[in-house]
Structures are given as C-alpha cells and as structure tokens.
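This report refers to the structure that appears directly beneath it.
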Amino acid sequence: MIDNLSDLKKYLAEYDGPDMNIMEVCGSHTAAISKLGIRSLVSDKIHLLSGPGCPVCVTPSAYIDKLTELSKKENTIICTFGDMIRVPGSVSSLADEKGNGAKVKMVYSPMDTLTLAKNDRENNYIFAAVGFETTTPVYALLIDTILKENIKNVKILTAIKTMPEVINYLLQNGAKIDGFIAPGHVSVITGTKVYEPIAKEYSIPFGVAGFKGPELLTAITGIVKNRNKGIVENYYPSVVRDEGNIKARNLIDKYFDKCDAVWRGMGLIVNSGRILKPEYSELDAGSADLNDDHKLNRACHCDEVLMGKITPDKCPLFHKVCTPATPQGACMVSTEGSCHAWMTL
C-alpha cells in the first residue's frame, strides 16, 4: 500500500487502467469529497459517485407527510434536526407548516427533546428519528431514558435505515459500481465484517474510510488496487473495528426490530429498516406503513442520483429550478446531499 501522500496523489492522477465507478455511501463523505476537491485529484478513469448515504435524502415523502400532519395537531410539537425541516413531502414541508403556525423546533440532539418535554408537560413532543446505524443507538438511549424517567409526553416517529441492505439492493438493480467507500461513522457501529458477504458475492472491494483528504485518498487507492477482489479493508482503524460496537448494537436490538423500509426514490427494500418493538409501541407516533413516496416535482431525478445512475448535473432541474434555496428533491436539501454537494464543484 502507498503511504506517502504525494505518491497517493500521483498514483490516482496517473491511473490509466479500466474505468472504475467508486461509490461512497456516507453523507459526510459526500460533503468531504466535494469540499476537498477530491474529484479533481483523480484520473478521468476513476468516477466518484455519491450513493444513498444522506439520511434526509432517503426519507420517503409519506414520512414527511406524517410529520406535517402531526405538526398541525393541537398541543403537539415536532422536534427534528435542521435539515429535516426543509425536506419536501408530497405536498409541503415542515418549514411550510411552521410558516402556517405549526409548532416545529430544531434540536441538536434527540435528548434535547426530553429537556423541552420535562419543562412543558402541557404539550406532546414528537421526535423525528431518521438516520442510519450511527444515530440509532442514540434513539435507543432516548427510549431507555423515557422509560426510566417515566416521561409521558414524548414519542418518536421513525424512518431508520440500515446500510448493508441498500448496498446489496443497488448491486441487484443495475447500479454499475466497481467498489465502495464504506461509511466511516456507520462502520464504527456495524464493524467491517458486515460488508464481507456483499464483497464476496459481487467480487467488489470495500474500503472503510475516514473523512480527511489523506484518508479518503488512501481508501480510493486501495479500492482501485483491489479491483475485482471481494475483500474489505479498513483504512480507518483508529475508530473502526472488525466487530464494531457490540454494546451499541445490543442497545439497538433491545428496543428495535428489523423491518422492511421504503427509501426515497428506490422503493421498498426488504429488511433495511428499524422500528420499535411491539412492546414499546405506545412510544411510536405512527411509524408503521409509511410506504408512499411521491415526488413534489415529477421532473426530479433524485432517485437516479441516489443509485449512481446519473450525476446531479444531468438532472434537468439542477441549478435551474432546483437550488439549495428552492430544493425540488431531498438531495438538494442537506449539505450531505449529492446535489447540494455538487453545487460546490
């Protein structure tokens, strides 16, 4: 493996082998690759694609519609991370409803919801729990605290996704990917072994990467060198282990079951989500059966972008009707979204 940064850059810039499509499936990687100008450092034969790694980008419209419906209820306050407020549903967004008088609060942590709720027993609080394996342990801790402290005015609405299943779905449904930059934060929880069955089945290399320039370049180099090899290599050993975080996964399993889940633009993916176990259903604000997914603008191509079939600039709305100020699809809402990140190129 090449250790020197200048040699990494030279190798990737001068690469003249077969064309390679390398996909990252982490929103933070998407943002870092664009911010650091990584695409400008690699050969034209290395195509870096952004996959379904942004949590808000893969949240289906039915989930947003449910949140907006709940936000209109009397004595109900929706708590969510900032990006979720602007995600379009099939009709409107939380931002639209807030402008019409609905009570929507941005929080920086799910646990902030508990502080608000304990200081305001007259209102019911619903936390929008979206994300991947990275944030699910925090949601499990939220449930744990609600039960231990007997907090009666907090529920969650879930749209939690799991990463291995969507990677497998992409490969089964026409995505032409020659290697994956495995998500760093997710891999802290899952470990690296979770990618091994997929790597072996499709003879595709995975490289678990950090978020700094040298870490990303090292992972990309490893993936290129391992072309057509079904192996997983860990280039982020300071925080990622083969077995992952067993304690966090046990906490997740205590409160959540696996379930089928709808991914925005991709439809139903079997066993790719998490939902509260039946014994904790009284804390669920109505997460089951949120399976509809309708585009706010039918010309939006977020689905093809998420699957790596086109780059954002190939969407007819990109940088015209669809901008960060006027997002027509979820990929433009978040700084971790493919289209939003592409705007910085």
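Loop-only GluC sites (Glu not before Pro) in the range 1-95, please: DSSP not H, G, I, E or B, and at most 11 other Cβ atoms within 10 Å.
Qualifying residues, ordered by number: Glu74.
Measuring with a 1.4 Å probe in the full set of protein chains, what accessible area per residue, in whole Å², belongs to the range 219-345?
49
Go through His319, His301, His185 and list them by solvent-accessible area, largest first, probe radius 1.4 Å.
I get His319, His185, His301, largest accessible area first.
Let me know the Kirkwood hydrodynamic radius for the range 76-129, please, with Cα pairs as the basis and the value in Å to one decimal.
By the Kirkwood definition, the hydrodynamic radius is 11.5 Å.
Among Ala117, Gly17, Pro164, whose Cα sits farthest toward the positive end of the charge dipole of the chain (+1 at Cβ of Lys/Arg, -1 at Cβ of Asp/Glu, about the Cα centre)?
Value computed over the given set: Ala117.
Based on the inverse mean of 1/r over its pairs of different Cα atoms, what is the Kirkwood hydrodynamic radius of the range 136-240, in Å?
Roughly 15.4 Å, rounded to one decimal.
Compute the Rg to Rh ratio over the range 23-121 from the alpha carbon atoms, using the Kirkwood formula for Rh, and round to two decimal places.
1.13
Return, for the Cα atoms of the range 192-345, the radius of gyration and Dmax in Å, separated by a comma.
Reported Rg and Dmax, both Å: 18.9, 51.
How much of the accessible area of the chain, probe 1.4 Å, is carbon plus sulfur, in whole percent?
Carbon-and-sulfur percentage of accessible area, whole number: 50.
Express the C-alpha Rg of the range 257-345 as a ratio against the empirical globular expectation 2.2 N^0.38 Å, rounded to two decimals.
1.30
So how exposed is Glu336, as accessible area in Å² (1.4 Å probe, rounded to 10)?
Estimated to the nearest 10 Å², Glu336 gives 60 Å².
If the chain between Lys212 and Val138 were fully stretched, how many nm would it gain, using 0.36 nm times the residue separation less the Cα-Cα distance?
Length difference between fully extended and current span is 24.2 nm.
Can you say what percent of the DSSP beta bridges in the chain, counting only those with both residues inside, are antiparallel? Round to 5.
25
Can you compute log10 of I(q)/I(0) for the range 93-183 with the Debye formula, treating each Cα as one identical point scatterer, at q = 0.16, 0.21 Å⁻¹?
-0.77, -1.03
Would you mind estimating how fast the chain diffuses translationally, via Stokes-Einstein at 20 °C and 1.002 mPa s with the Kirkwood radius over Cα pairs, in µm²/s?
Taking Rh from Cα pairs, D becomes 104 µm²/s.
Among Lys45/Lys161; Lys212/Lys247; Lys105/Lys155; Lys193/Lys229, which pairs are too far apart, with a Cα-Cα distance over 23 Å?
Too far apart for the 23 Å limit: Lys45/Lys161; Lys212/Lys247.
Ignoring everything except DSSP H segments at least 4 long, calculate the 222 nm mean residue ellipticity for the chain; use -39,500 (n - 2.57) per segment, divide by total residues, nearest 500. Before the final figure, lay out each step's value.
Details: 13 runs with 116 residues, N = 345.
Value at 222 nm, helices only: -9500 deg cm²/dmol.
Can you pull out the chymotrypsin sites (Phe, Trp or Tyr not before Pro) in the range 69-151 that DSSP calls coil and that have at most 10 other Cβ atoms within 10 Å?
Those satisfying the criteria are Tyr108.
How much FRET efficiency would the formula 1/(1 + (r/R0)^6) give for Tyr108 and Lys277, where r is the Cβ-Cβ distance and R0 is 22 Å, rounded to 0.05? Let's see the in-between values first.
Working: r = 27 Å, r/R0 = 1.24.
Efficiency for this residue pair is about 0.20.
Test of understanding: what is the full-extension gain from Ala13 to Ser40, defined as 0.36 nm times their sequence separation minus their Cα-Cα distance?
8.9 nm
The values are calculated or read from the model by the stated rules, or taken from the named source; none is laboratory data. A quick note: this is a predicted structure, and the numbers were derived from the prediction, not measured. Using ideal geometry, Cβ is built from the backbone for each residue, glycine included, and neighbour counts are taken over all protein chains shown. Surface areas here come from the heavy atoms of the whole protein model, side chains and all, with no ligands, DNA or RNA. Shrake-Rupley method; radii C 1.70, N 1.55, O 1.52, S 1.80 Å.
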